[in-house]
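K.L.:
Would you mind keeping the following structure in view while I ask a few things?
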Amino acid sequence: MKLIVDLKENSYPIYIENGILKHAADYISQVFTGKRIMILSDDQVYPLYGHGLKEALSSYECHTLVLPHGEQTKSFQTLPLIYSAMLEAKISRSDLVIALGGGVIGDLAGFAASSFLRGVRLVQIPTSLLAQVDSSVGGKTAVDLPQGKNLVGAFYHPRLVLIDPDVLDTLPRRFIHDGMGEVIKYGCIKDPLLFHTLKKHGSFENLKGQLASVICRCVDIKRAVVEADQFDTGERMLLNFGHTLAHTIEQYFHYGRESHGEAVAIGMYQITKLAEEKGLTPAGCAESIREVLDAYGLPHECGISLSDLTAAITLDKKNLNNRLNVVLLHEIGDSYVYPTDAGFFEGKFLV
């Protein structure tokens with residue numbers, strides 16, 4: 001399956017195909033005519049797929065940097081290590097950076113590529129479900145600060161995205177659930193049929209036969225939204241459903257308890273429940289979301305007082321001129337941006 005993100009001079013193809021990793025050179029040669037490549041990966045992904053990728057790219061001069069896995073790596077302190085490795089490998093603006101990994105590596109490698117020498121070509125090869133359906137597409141790159149997630153970043157689009165569903169066979173079960181948090185999000189905000197499909201299958205095992213088409217549907221939704229709003233000032237905000245709470249939950253536990261997809265799951269359910277109480281979303285939507293979250297092994301609560309999260313919420317990137325844009329549902333599959341402020345969350349508890 002092939003999709004094109006049409007952004008004029010920043011356009012790029014996305015290929016979704018089982019086994020595509022073995023043929024990476026065939027696709028990379030269509031967008032890159034140089035010889036030197038820097039592969040950035042982590043210590044969980046590289047032992048599984050890094051050597052195979054290097055073998056597939058044997059006609060190129062490949063250099064590698066393998067970083068520790070986990071959100072803690074996506075920090076400002078990691079960037080000098082990446083820049084030093086690029087300098088040592090003599091990476092120039094005519095060379096290529098490949099992000100081989102999940103969302104952390106994709107965001108980090110993307111930001112490094114965007115800022116090193118003011119921009120080096122980038123290819124995304126996402127190896128987690130979350131990265132395949134969401135973070136590898138759209139050009140958002142970032143690192144975290146102690147005060148919050150993704151607070152330093154850039155819009156920097158890849159030249160190519162290669163998605164191989166086969167690599168998910170080695171993904172730990174928790175990170176399958178993690179990715180399903182974002183898959184469910186797409187059904188909530190844009191596609192009631194996708195939401196119904198997820199509900200009907202009732203588990204990842206039952207869904208697996210349709211996984212490539214589900215990934216393609218999620219990517220296609222994001223492609224259309226990004227084309228309409230490349231720089232996240234309008235419709236693209238809908239992709240942040242559940243994320244205002246999710247990012248603050250992740251930060252509260254120093255990125256060590258809930259994964260991103262788990263935090264998004266909690267955020268989607270809790271903000272929909274709040275919206276129902278305020279008459280902004282019809283009754284029953286939160287319970288529908290909870291049923292699907294339960295089916296795919298995702299949490300809907302974390303036991304934190306919302307008042308404990310308010311300070312971090314005020315630092316959210318969607319908080320503009322003291323107005324906070326939260327994403328709510330008219331109904332499942334139909335979302336909207338609701339301008340408010342941090343007071344939206346006051347006096348309530350995550351139970």
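The values are calculated or read from the model by the stated rules, or taken from the named source; none is laboratory data. Being a predicted model, the structure only gives us computed values, none of them experimental. Methodologically, a virtual Cβ is constructed for each residue, glycine included, from the backbone with ideal geometry; neighbour enumeration extends over all protein chains shown. Calculation scope for accessible area: heavy atoms of the full protein, side chains included, ligands and nucleic acids excluded. Shrake-Rupley method; radii C 1.70, N 1.55, O 1.52, S 1.80 Å.
K.L.:
With n ≥ 4 as the cut-off for DSSP H runs, can you work out [θ] at 222 nm for the chain, using -39500 (n - 2.57) per run divided by the number of residues, rounded to the nearest 500? Please report the intermediate quantities before stating the final value.
P.N.:
On the way: 12 runs with 127 residues, N = 351.
Taken over the chain, the calculation gives -11000 deg cm²/dmol.
K.L.:
Given a 1.4 angstrom probe, I'd like the percentage of the accessible area of the chain that is carbon and sulfur, rounded to a whole number.
P.N.:
On the way: 7260 of 14130 Å².
Ligands and nucleic acids excluded, carbon and sulfur give 51 percent.
K.L.:
Within segment 166-234, report the chymotrypsin sites (Phe, Trp or Tyr not before Pro) that DSSP leaves as loop and that have at most 16 other Cβ atoms within 10 Å.
P.N.:
Numbers: sites: PHE175, TYR186, PHE195, PHE204, PHE231; in loops: PHE231.
Those that pass, being in a loop and sparsely packed, are PHE231.
K.L.:
Quick check for you: with a 1.4 Å probe and neighbouring chains kept, what is the accessible area per residue of segment 64-180, in Å²? Don't skip to the end; give the middle numbers.
P.N.:
Numbers: 4150 Å² over 117 residues.
I get 35 Å² per residue for this part.
K.L.:
Apply the Karplus parameterisation 6.51 cos²θ - 1.76 cosθ + 1.60, with θ equal to phi minus 60°, to every residue of segment 174-186 and state each ³J(HN,Hα) to the nearest whole Hz, in sequence, with x for glycine and proline.
P.N.:
Result, rounded to whole Hz: 4, 8, 5, 4, 3, x, 5, x, 6, 4, 4, 4, 4.
K.L.:
Taking amide hydrogens as modeled 1.01 Å from N in the peptide plane, which residues meet the under 5 Å criterion relative to VAL5, leaving out close sequence neighbours?
P.N.:
Those qualifying (amide H under 5 Å, at least 5 residues apart or on another chain) are TYR12, ILE14.
K.L.:
When only C-alpha pairs under 8 Å and at least 6 residues apart count, what is the relative contact order of segment 1-55, in percent?
P.N.:
On the way: 24 pairs, mean separation 13.7, N = 55.
In percent, rounded to a whole number, it is 25.
K.L.:
A follow-up question, please. State, as an integer percentage, the relative contact order of the chain based on alpha-carbon contacts under 8 Å between residues 6 or more apart.
P.N.:
Details: 678 pairs, mean separation 53.4, N = 351.
So the answer I get is 15 percent.
K.L.:
Mind checking which of SER75, SER335, SER94 has the largest fluctuation in a GNM of the chain, springs on alpha carbons under 10 Å?
P.N.:
Sorting by GNM fluctuation, first place goes to SER94.
K.L.:
Amide H neighbours of ASP95 under 5 Å, at least 5 residues apart or on other chains, H built in the peptide plane: list them.
P.N.:
Residues meeting the criterion, in which the H sits 1.01 Å from N, are ARG121.
K.L.:
Another question, if that's okay. Pop out the ³J(HN,Hα) list for segment 121-135 in order, Karplus 6.51 cos²θ - 1.76 cosθ + 1.60 with θ = phi - 60°, rounded to Hz; leave Gly and Pro as x.
P.N.:
Running phi through 6.51 cos²θ - 1.76 cosθ + 1.60 with θ = phi - 60° gives 3, 9, 10, 9, 10, x, 10, 10, 4, 4, 5, 5, 8, 9, 6 Hz.
K.L.:
Quick one: which of LYS2/LYS149; LYS140/LYS222; LYS208/LYS273; LYS22/LYS140; LYS2/LYS185 span more than 20 angstrom between C-alpha atoms? Numbers along the way, then the final one.
P.N.:
Numbers: LYS2/LYS149 31 Å; LYS140/LYS222 12 Å; LYS208/LYS273 30 Å; LYS22/LYS140 26 Å; LYS2/LYS185 22 Å.
In this structure, LYS2/LYS149; LYS208/LYS273; LYS22/LYS140; LYS2/LYS185 lie more than 20 Å apart at Cα.
K.L.:
Here's another thing I want to ask about it. Could you sort TYR46, TYR252, TYR338 by their accessible area in this structure, using a 1.4 Å probe and putting the largest first? Please list the in-between numbers first.
P.N.:
On the way: TYR46 25, TYR252 100, TYR338 70 Å².
The residues order as TYR252, TYR338, TYR46, largest area first.
K.L.:
Run the simple label-point estimate for MET1 and PHE76 please: 7 Å along Cα→C-beta, distance reported in nm.
P.N.:
Label at MET1, label at PHE76, 4.0 nm between them.
K.L.:
Continuing with this model, one more query. List every residue whose amide H lies under 5 Å from the amide H of LEU145, counting only residues 5 or more places away in sequence or on a different chain, with H placed 1.01 Å from N in the peptide plane.
P.N.:
ASN150, LEU151, VAL152
K.L.:
How big is the accessible area of LEU298 in square angstrom, nearest 10, if you roll a 1.4 angstrom probe over the protein chains?
P.N.:
LEU298 exposes around 10 Å² with every protein chain in place.
K.L.:
Within the chain, what's the longest stretch lacking trypsin sites (Lys or Arg not before Pro) that sit in DSSP loops with no more than 14 other Cβ atoms inside 10 Å? Could you put the intermediate results ahead of the total?
P.N.:
Values: sites that count: LYS35, LYS90, ARG93, ARG257, LYS278, LYS348.
Counting at most 14 other Cβ atoms within 10 Å as exposed, the longest clean stretch of the chain is 94-256.
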